[in-house]
Amino acid sequence: MPRIGYITHDISKLGHPMPYLINGVFEEHGLEVKVYNVDPPTNLSSGIEDLKGYCCGSNSDLIFKKIKNDKIDILIDLSSLTSSKISNVCSKKPAPIIISYLGYPGPVNNEWTDYQIVDKHIVPPKTPGYDDTKLIRLECGYYVNSMRSKNISRSSSVPDKFVFCNMGRSDKITPEIFMCWLRILRRCPNSELWLLKTCSNLVDNLKSLAEREGVNSDRICFKCMVDTLDHVERLKLTSCFLDTDVYNSHTITVDALYVCVPVITIKGKKWCGRVSSSILESLNCGGLVCENIKDYEKFAVKMYEDEEVLRMWKKKIGEKWVGEKEWVEEVEGKLRGIWSGYIKKC
């Protein structure tokens, strides 16, 4: 098995999705992996600091030398184009093979990245802008998670009140999708919509728009940010998650599905708008993926009107979970094949 390293700049940031998603992966690997954090040390702990192969430092040159000295064969870049420090390290090619994964939801076409990890839903074959020979397509699903290690119970019970929700970033809410949500509220008179409160202007503007469109603004409830476990427990009180379209919820889609809240999404045109579709397909729940906003609205109303449909989807979601164990097992197999091919060419 090749020596594997991961490099990132997000792994020790409390509240950042990266450690929440990926930490379980390092424990699941059947061999010791190295994790290089291109960030200064911090007194806060996300749990990754206890890993045997963990290395932290803000000096790019020292991180580069450390990777070279550790004789890493395959380096998985968890940040890609989102970090100039990591680009400085990876552009010097500290490992023979560099693979981009998770941190950047789009094509990485630089000189030093050899592969990207995707699946057939994120990047279908022959997608413009991508070289299929440089894509590692996973069968288990693209978006890894470590939910099993969080000691969160899965729940398929139906809440007493019907609550639509979207607890993602407000900058993902387009005018078109918000108007769709208002139409859903008008057609579902005894429902509420929960959104994440990010700023007072957002609350005032969306509530004002709701009133102009004939929806009582009290039916749109803005929830404050809470820690991760409280956030997931709060999702259990909701009935149906309405995804954003152009840029999906990613980590929060995982959170909702883990507690068996159906996520209705629209298949996007780009990577960032296909992540929820990918996650749903990995759970055999592709029926929750809509082709257009008209079908999306119709499906949401159907969830509200027919409790049996809601119960059926909650049960189906609860029947399967794909987490860090399945992801690591498939990825290690792919990496063995890639490394074997590289050795033969040398």
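The values are calculated or read from the model by the stated rules, or taken from the named source; none is laboratory data. Everything numeric here is computed off the predicted structure, so don't read it as measured data. Please note: Cβ atoms are built from the backbone with ideal geometry, for glycine as well, and neighbour counts cover all protein chains shown. Accessible surface areas use protein heavy atoms only, side chains included; no ligands, DNA or RNA. Shrake-Rupley method; radii C 1.70, N 1.55, O 1.52, S 1.80 Å.
Return the residues of segment 96-105 that are more than 13 Å from the chain's Cα centre (by Cα) and in a loop (DSSP other than H, G, I, E, B); say none if nothing qualifies.
Of the residues in segment 96-105, the ones more than 13 Å from the chain's Cα centre (by Cα) are 96-100.
Correct list: 96 only.
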Next on the checklist: Need the failing condition index for residue 232 against (1) open to solvent by less than 10 Å² (accessible area, probe 1.4 Å); (2) at pLDDT 95 or above, just the number.
Outcome noted: (2)
Item to check | Sole exception among (1) in contact with a helix residue (DSSP H, G or I) (Cβ under 7 Å, 6 or more places away or on another chain); (2) touching a residue at least 60 places away in the same chain (Cβ under 8 Å); (3) over 25 Å from residue 20 (Cα atoms); (4) not small (Gly, Ala, Ser) for residue 304, by number | outcome: (1)
Next on the checklist: Need the failing condition index for residue 249 against (1) open to solvent by 10 Å² or more (accessible area, probe 1.4 Å); (2) among the small types (Gly, Ala, Ser); (3) within 16 Å of residue 181 (Cβ to Cβ), just the number.
Outcome noted: (1)
Next on the checklist: Against the conditions (1) surrounded by fewer than 17 Cβ atoms within 10 Å (Cβ to Cβ); (2) in a helix (DSSP H, G or I), where does residue 269 fall short? Just the number, please.
Outcome noted: (2)
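Would you confirm, using the coordinates I've provided, whether residue 278 is crowded, with 23+ Cβ neighbours inside 10 Å and farther than 19 Å from residue 163 by Cα? Even if it seems obvious, please write down each step before you answer.
Numbers: crowded, with 23+ Cβ neighbours inside 10 Å: yes; farther than 19 Å from residue 163 by Cα: yes.
In short, yes.
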Next on the checklist: Here is a check on your reading of the model: is residue 115 over 18 Å from residue 323 (Cβ atoms) and without any contact (Cβ under 8 Å) to a residue 60 or more places away in the chain?
Outcome noted: no
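For segment 42-62, which residues satisfy the criterion of being at pLDDT 65 or above and closer than 22 Å to residue 27 by Cα?
Selection gives 53, 54, 55, 56, 57.
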Item to check | Qualifying residues in segment 284-334 (those that are under 30 Å from residue 5 (Cβ atoms), open to solvent by 20 Å² or more (accessible area, probe 1.4 Å) and not in a helix (DSSP H, G or I)) - the one modelled with the highest pLDDT | outcome: 321
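Would you pick out the residues in segment 143-187 that are of a type in the set (S, T, N, Q), open to solvent by less than 10 Å² (accessible area, probe 1.4 Å) and more than 22 Å from residue 298 (Cα to Cα)?
Let us first name the residues in segment 143-187 that are of a type in the set (S, T, N, Q), namely 145-146, 149, 151, 153, 155-157, 166, 170, 174.
From the residues that got through so far, the ones that are open to solvent by less than 10 Å² (accessible area, probe 1.4 Å) too are 145-146, 166.
145, 146 - these are the residues of segment 143-187 that are of a type in the set (S, T, N, Q), open to solvent by less than 10 Å² (accessible area, probe 1.4 Å) and more than 22 Å from residue 298 (Cα to Cα).
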